[in-house]
Amino acid sequence: MKQFEANFDGLVGPTHNYAGLSFGNVASYSNAAQASNPKAAAKQGLLKAKALADLGMVQGVLAPQERPDLYTLRRIGFSGTDSEVIQKAAEQAPALLNACCSASSMWTANAATVSPSADTRDGKVHFTPANLVDKLHRSIEPLTTGSILKATFNNDRYFKHHLHLPEHANFGDEGAANHTRLCSDYGKAGVELFVYGQSATNPNAPKPKNFPARQTLEASQAVARLHQLEDESCVFMQQNPDVIDQGVFHNDVISVGNQNVLFYHEQAFLNTEAKFAEIRQKMNSEVHFIKVSTDQVSIDDAVKSYLFNTQIITLPNGEMAIIAPTNCQENPAVFAYLNQLVTLGTPITQVKYFDVKQSMQNGGGPACLRLRVAMNELEIEAVNQHTIMNDNLFTRLNTWVDKHYRDSLTVADLADPQLIIESRTSLDELTQILKLGSVYQFQK
Ligand code: SUG
């Protein structure tokens with residue numbers, strides 16, 4: 001049976017804005033209070049997704065969440081009509097209103113951790129939504145994420161959906177951004193590499209000094225248990241706390257893997273050699289570890305360009321391509337490195353650049369915008385087919401964005417009561433296009 005790795009990109013929601021909500025994420029902080037362009041952001045995302053579909057990849061989309069999140073605003077004591085709730089929050093607690101308006105569900109690498117059926121004991125594809133407890137604006141995502149995943153992967157025979165982990169810092173979980181699957185072939189059992197920022201229950205373990213470590217070892221272990229993974233096919237590796245303190249808030253800002261390739265910066269991890277030996281032993285087949293040294297690309301350049309927040313994809317002809325943000329072209333050291341990389345004789349033979357600057361300005365590159373789901377043909381057939389990208393869906397989604405999205409949004413605009421009406425109208429239409437059913441129901 002044929003095996004694929006599908007990418008499910010998050011559609012950018014109509015409230016995409018720059019509110020500086022993510023301490024430790026350099027781009028989010030440095031672009032705070034700039035005007036955003038939700039329409040351009042959504043279209044940049046659609047172009048990338050469509051280009052991957054045109055390359056012969058299985059490409060899907062995941063719906064955004066309803067924002068402003070009136071359910072949360074009411075839960076924390078703002079009452080009255082919808083517009084009164086928004087007005088009171090804007091006057092009394094603007095920071096809380098901002099947190100309830102973020103379109104951050106677009107970064108679907110943080111939606112969930114996914115284990116393909118080839119790795120799990122019950123032979124199902126497992127999904128655990130990330131609890132995202134480290135950031136208030138993201139901690140309100142997981143319940144709706146779970147609904148959207150169930151409506152997209154809506155077949156109990158093939159897909160197993162778990163509840164997100166307990167909402168406590170000990171179980172801080174950021175999903176697939178800290179999870180990489182290495183394998184010889186998508187359909188064969190692989191090694192699931194969980195990269196964590198800190199161990200919550202060991203006070204003596206290394207941890208960053210300035211910025212938060214969003215992923216704990218305990219969360220990664222819990223996900224591995226839930227997903228019925230064998231110990232012999234899991235590796236738990238710690239991120240280097242020094243790079244977290246330089247703005248590497250997720251592992252996918254400093255390393256990325258695909259099949260038998262792990263592309264990483266030499267400063268990415270702790271105990272690198274010992275852990276790579278464990279990966280080699282558990283893989284039992286060849287692994288290409290492609291190391292980028294500090295001399296070639298500094299951590300600062302890696303964080304600014306998002307060299308490692310690229311997608312490595314296997315094209316239908318078996319070659320691998322890197323899907324990079326145009327920011328990599330604009331950074332001389334990174335561009336020189338990528339030009340050289342494709343000549344080194346590794347499986348990576350080409351680089352394709354995409355402008356995703358609207359997302360990049362909030363710290364989200366190409367890899368943040370997608371959730372990877374390796375599936376066989378039967379599993380792909382069991383996915384909600386209305387979410388799969390093709391010419392027709394691309395046209396419909398572009399028309400939908402043109403109709404509903406603004407081309408400028410400032411933080412001050414978040415107090416506009418019209419925004420929730422626009423958001424609901426657009427999402428009502430989207431749920432019909434994607435045939436999702438009532439995924440936002442509990443938020444009402
Ligand atoms: O969680 N930015 C997101 C970016 C997530 C990137 N994801 C991965 N690396 N996989 C975050 O920090 C910024 C929102 C704001 O400031 O308005 C934000 O949430």
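Observations on the model:
- Extension gain, Ala35-Thr343: 0.36 nm per intervening residue step, less the Cα-Cα distance, totals 106.9 nm.
- Placing unit charges on each Cβ (+1 for Lys and Arg, -1 for Asp and Glu) gives the chain a dipole about its Cα centre, and among Thr326, Thr201, Ile380 the Cα reaching farthest toward its positive end belongs to Ile380.
- Close amide H pairs (under 5 Å, H built 1.01 Å from N) link Phe289 with Leu262, residues at least 5 positions away or on another chain.
- Derived scalar couplings between HN and Hα for the range 209-216 equal 9, 10, 10, x, 8, 7, 10, 9 Hz in order, rounded to whole Hz, by the Karplus curve 6.51 cos²θ - 1.76 cosθ + 1.60 (θ = phi - 60°), x for Gly and Pro.
- Across the range 84-92, computed HN-Hα scalar couplings (Karplus, 6.51 cos²θ - 1.76 cosθ + 1.60, θ = phi - 60°) run 5, 4, 5, 4, 5, 5, 4, 6, 8 Hz from first to last residue, x flagging Gly and Pro.
- P(r) tail fraction, the range 104-144 - alpha-carbon pairs more than 14 Å apart, %: 49 percent
- The value given for the range 292-443 is a Kirkwood hydrodynamic radius of 18.7 Å, derived from the mean inverse Cα-Cα separation.
- Put simply, when 32-40, 262-270 are sorted by average Cβ atoms within 10 angstrom per residue, most first, you get 262-270, 32-40.
- Estimated from the Cβ-Cβ distance and a Förster radius of 25 angstrom, the FRET efficiency linking Lys435 and Arg75 is about 0.30.
- Relative to the longest principal axis of the Cα atoms of the chain, helix 418-433 runs at roughly 50 degrees.
- Percent breakdown of C-alpha pair distances by 5 Å bin, ordered from the shortest bin, for the range 275-350: 3, 14, 22, 22, 19, 13, 6, 1
- Considering only His164, Gly437, Leu136, and ranking their Cα positions along the charge dipole of the chain that arises from unit charges at the beta-carbon of Lys, Arg, Asp and Glu, the one farthest toward the positive end is Gly437.
- Packing rank of 426-433, 215-222, where each peptide gets the mean count of other beta carbons within 10 Å, highest leading: 215-222, 426-433
- Positive-end residue of Asn339, Thr152, Ser115, charge dipole of the chain with Cβ unit charges: Thr152
- Of all accessible heavy-atom area on the range 359-444, the percent that carbon and sulfur account for (1.4 Å): 49 percent
- The range 240-318 - Debye-derived log10 I(q)/I(0), Cα point model, q = 0.17, 0.22 Å⁻¹: -0.69, -1.05
- Accessible surface, per residue, of the range 270-414 when the full set of protein chains is kept, probe 1.4 Å, Å²: 42 Å²
- Sequence-distant lysines (8 or more away, or on other chains) whose Cα lies within less than 22 Å of Lys435: Lys43, Lys50, Lys150, Lys160, Lys403, Lys444
- Table column - 3J(HN,Hα) (Hz), the range 354-360, Karplus curve with 6.51, -1.76, 1.60, x for Gly and Pro: 10, 7, 10, 5, 4, 6, 4
- For the range 26-174, the fraction of C-alpha pairs farther apart than 20 angstrom is 60 percent.
- Along each principal axis, Cα extent of the range 1-78, largest first, Å: 53, 29, 25
- Of Lys2/Lys275; Lys124/Lys282; Lys188/Lys275, pairs whose Cα-Cα distance is over 28 Å: Lys2/Lys275
- Per-residue ellipticity at 222 nm computed for the chain from its helices equals -9000 deg cm²/dmol, with DSSP H segments shorter than 4 residues left out and the rest contributing -39,500 (n - 2.57).
- Carbon plus sulfur fraction of accessible area for the range 115-169, probe 1.4 Å, in percent: 48 percent
- Using alpha-carbon coordinates, inclination of helix 272-283 to the longest axis of the chain, degrees: 80 degrees
- Rounded if a/c under 1.5, otherwise prolate or oblate - the chain, Cα gyration tensor axes: rounded
- Folded to 0 to 90 degrees: helix 217-226 orientation relative to the chain principal axis, Cα: 90 degrees
- Surface composition of the range 1-76: carbon and sulfur make up 53 percent of the accessible area, probe 1.4 Å.
- Distant-in-sequence amide H partners of Lys352 (H built 1.01 Å from N, under 5 Å): Ile322, Ile323, Ala324
The values are calculated or read from the model by the stated rules, or taken from the named source; none is laboratory data. Predicted, not measured: the structure shown is a model, and the values here were computed from it. Backbone-built Cβ (ideal geometry, glycine too); neighbour counts: all protein chains shown. Quick note on the areas: whole protein, heavy atoms, side chains included, nothing else; ligands and nucleic acids left out. Shrake-Rupley method; radii C 1.70, N 1.55, O 1.52, S 1.80 Å.
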